[in-house]
Structures are given as C-alpha cells and as structure tokens.
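Structure first, then comments.
The values are calculated or read from the model by the stated rules, or taken from the named source; none is laboratory data. As the structure is a computational prediction, the values presented were derived from the model and not from experiment. Neighbour counts run over all protein chains shown; Cβ positions are idealised from the backbone, glycine included. When the accessible area is computed, the model is the full protein with side chains, heavy atoms only, and any ligands, DNA or RNA have been set aside. Shrake-Rupley method; radii C 1.70, N 1.55, O 1.52, S 1.80 Å.
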Amino acid sequence: MKILFICLLLLISSITFAQDEEIDASKPTNFYTQINNQLEYNSRKSGGNVMGYRAEIIYSPSEAHLILAEIPLMYNDQTEKFGLGDFRARYFYLPYKNYDKFFGAFGPSVDVFAPTGSFENGLGTSSWLVQPGVTAGLMIADWIQAFPILSYQYTSVPTADQIPTEFKEAQHGISFQVITPIIFSEKFFMQVTPIYTASNLTKTRQDRYIQEVFAQYAITPKLQTSVFYRGVFEDEDHTVRLGCVVFL
C-alpha cells in the first residue's frame, strides 16, 4: 500500500506542472527527461516470485545524451523479505540522428547493474553486470522502424556465500536484440523486441531467447501509461510491469 501511495503522489504532483508538447517516445533514440513509475510482478520457477515498485529516472541534457537510473524496491514471497533490488545505471550517447535517411541513428551506450539487492533475501544477484553496446536505427517506414543493439556482457564473480564455489567465476558473453516500434497512432505505439543472449562463452553455455513486448498510450503528451512483458521461456521466468510515464 505504501508503494501505491508513493506512485499516486508522484503522479498527482507531476500532473500539476505537465505542459503539452510534441513527444515521440516510440523510438529509443529519442531522448526525454522523464520519470517512469512501474508496478512489477516477476513470476519465477525458482527463488520465489518478486513484486514491487521500480522507479526509472531519465535525464537528457540534450538530444545526444541520456543518463538513466533505475531503482527497484521489491518483495520476495518465498523469503518474505522487502528491500532494494539491484540498481541499474545507463549512459547513452547519440552522435548521429537523421530520420530522413534509412540509416537514421547510431550511438554507443553502457549499462551497469550493481549488486545492491540481497541475494540471501532473493532480491539481488550478488554480481556486477556491465554491458557496453552499440545501437543503430533503421527507418523502414513512418509506422515501423528497427533498432538493432549488439552488446558485450561482463558478469563479475558472485559474492554470495550461498552460491557454490564451482559457480563462482566471471562470465563473458554477448547479446543481440532488435527493438521494433510499431506506431498505430500519435497516442499509441508498441515495441516488439526479440533478444538472443549468450551470457557465458567461456565454459558452460547459457544461451537464452528472450521476448519483450512494450505498449505505451498517451493520456496527454506528458502523461503516458505503459504495459511491459518480458519472458525468459527456458527458465520459466515472466515479468509484467504497469507504468505511468511523466515527461518533465
């Protein structure tokens, strides 16, 4: 209930100063300062189901720079523990953007996941994850585009005592995904994102196919609602998020 109350306060306070302007959030290479308040439910085969609130704070000082901080506050129904999950930070630099061309955008980014969540409580991984990558934008048509992203993945040695020694090793991998926005109207769009990851290329392979689907609807230009789904099918891991996006 406290989480819902916080979300409502953020929503009400944001509406009071939101002003209309043209916003196209369908393309991941369009940068806006915003706050995305999300209620999340993660159903997992093992380790307990996790649910709670995820705050995604994005600051964009210009069209070429994006800084993101993601703060999850989660509850695990198996351990019955509540607390901070793994913190995420991202920097995205976009030196080229011209949607009049087929090759409409290009830029590097880096994602860092810090092990701030408790592994013992089922809220974290106890490993650092660093993902530098490059993104391109392909302008197929006005209503559909494709944004392929190729990333390198480094996962540090986990520190949790509960993890057996034979699994305590650093991992090097890659991931490839294609964010595909489908624009239905000025107010409504979807993003369909197939993802292939190979998180460990050195020893035992842990390749996965992941499917993400995201939909966003604009109540007003600066106040939008969203639905997100992520499925890691081999692990029977499914995540659903309901969001309220406020552009500042």
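Against the criterion of being touching a Lys or Arg at 6+ places or on another chain (Cβ under 9 Å) and over 23 Å from Lys97 (Cα atoms), Ala218 qualifies. For region 145-159, what are the residues that are assigned to a strand (DSSP E or B) and either surrounded by fewer than 19 Cβ atoms within 10 Å (Cβ to Cβ) or without any contact (Cβ under 8 Å) to a residue 60 or more places away in the chain (or both)? If the condition is that a residue be assigned to a strand (DSSP E or B) and either surrounded by fewer than 19 Cβ atoms within 10 Å (Cβ to Cβ) or without any contact (Cβ under 8 Å) to a residue 60 or more places away in the chain (or both), then Ala146, Pro148, Ile149, Leu150, Ser151, Tyr152, Gln153, Tyr154, Thr155 are the ones that fit. Could you tell me which residue of region 98-140 is farthest from Asn49 (Cα to Cα), considering only residues that are in contact with an Asp or Glu (Cβ under 7 Å, 6 or more places away or on another chain) and of a type outside the set (Ser, Thr, Tyr)? Within region 98-140, the match that is farthest from Asn49 (Cα to Cα) is Gln131. When restricted to residues that are among the aromatic types (Phe, Trp, Tyr) and part of a strand (DSSP E or B), region 161-182 contains 1.
Ser109 - would you say it is within 27 Å of Phe167 (Cα to Cα), in contact (Cβ under 8 Å) with a residue 12 or more places away in the chain and among the polar types (S, T, N, Q)? When the stated conditions are applied, Ser109 does not pass them.
Please work out if Tyr75 is aromatic (Phe, Trp, Tyr), in contact (Cβ under 8 Å) with a residue 60 or more places away in the chain, touching a strand residue (DSSP E or B) at 6+ places or on another chain (Cβ under 8 Å) and open to solvent by 40 Å² or more (accessible area, probe 1.4 Å). No: the conditions fail for Tyr75. The strands (runs of 3 or more DSSP E) falling completely within region 183-244 that include 2 or more residues that are open to solvent by 70 Å² or more (accessible area, probe 1.4 Å) and in contact (Cβ under 8 Å) with a residue 12 or more places away in the chain map to 207-220, 223-232.
The number of residues in region 71-101 that are over 21 Å from Arg44 (Cα atoms) and of a type in the set (D, E, K, R) comes to 4. Gly83 meets each of the listed conditions (1) farther than 21 Å from Phe247 by Cα; (2) modelled with pLDDT of 95 or more; (3) in contact with a helix residue (DSSP H, G or I) (Cβ under 7 Å, 6 or more places away or on another chain) apart from (3). Against the test of being open to solvent by less than 50 Å² (accessible area, probe 1.4 Å), of a type in the set (S, T, N, Q), in contact (Cβ under 8 Å) with a residue 12 or more places away in the chain and within 30 Å of Val245 (Cα to Cα), the options Gln177, Gln171 yield a single qualifying residue, Gln177. Of Leu84, Leu94, all but one fail to be in contact (Cβ under 8 Å) with a residue 12 or more places away in the chain and touching a His at 6+ places or on another chain (Cβ under 9 Å); the exception is Leu94.
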